[in-house]
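Heads up: the structure comes next, in structure tokens.
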Amino acid sequence: MKVCISTMGNSGMEEALCQHFGRAPSFTVVDLETGTVQVLTNTSEHMGGSGLPVDQLKDQGFQVMIVGGLGPRAVQNFAGQGVEVFIGATGTVKDAIKDWREGLLKEASSDNACKEHRH
């Protein structure tokens, strides 16, 4: 199984999380079975590029997205792709995966999405 985490840079498992999914400078994809770590630069329109971050990530093969927070449109778009999203993550990639495995993160929904990030 692969998980993706919104991150601040490219330091792999020790990288700090970015608290807002769409504005994350990078996304770290971790294959929990092989331990492989891949860092992707956010090239979406939120970072001066084109397209939405959800669309940029859709072919990466992960089943779970772990974030601090994200807007309702991202929640809806991930749901349409069959990706489970969990919010409330803090610390590093390693911390976020540990918290997710221990059931400490909330599943994202339209009710707990960041309303101020609607765009």
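Just so you know, all these numbers are worked out from the coordinates, no wet-lab data involved. The model shown is predicted, which means the values in this text are computed figures rather than measured ones. Because the Cβ atoms are built from the backbone with ideal geometry, glycine has one as well, and the counts that use them run over all protein chains shown.
For the chain, what is the mean residue ellipticity at 222 nm derived from helices alone (per DSSP H run of n ≥ 4: -39500 (n - 2.57); sum divided by total residues; nearest 500 deg cm²/dmol)?
So the calculated ellipticity at 222 nm is -5000 deg cm²/dmol.
Identify the GluC sites (Glu not before Pro) of the stretch 2-92 meeting these criteria: DSSP loop state and at most 10 other C-beta atoms within 10 Å of the C-beta. List each step's numbers first, then the result.
On the way: sites: GLU14, GLU15, GLU33, GLU45, GLU84; in loops: GLU15, GLU33.
Of the GluC sites (Glu not before Pro), the ones in loops of the stretch 2-92 whose Cβ has at most 10 other Cβ atoms within 10 Å are GLU33.
With a 10 Å Cβ neighbour count serving as the proxy for reagent exposure, in which order, fewest first, do ARG23, ARG101 appear? Mind dumping the intermediate values first?
Numbers: ARG23 15, ARG101 11.
Arranged by neighbour count, lowest to highest, ARG23, ARG101 become ARG101, ARG23.
I want the local charge near MET13. Using Cβ-Cβ distances under 11 Å, sum +1 for each Lys or Arg and -1 for each Asp or Glu among the other residues.
Net charge in that neighbourhood comes out at -1.
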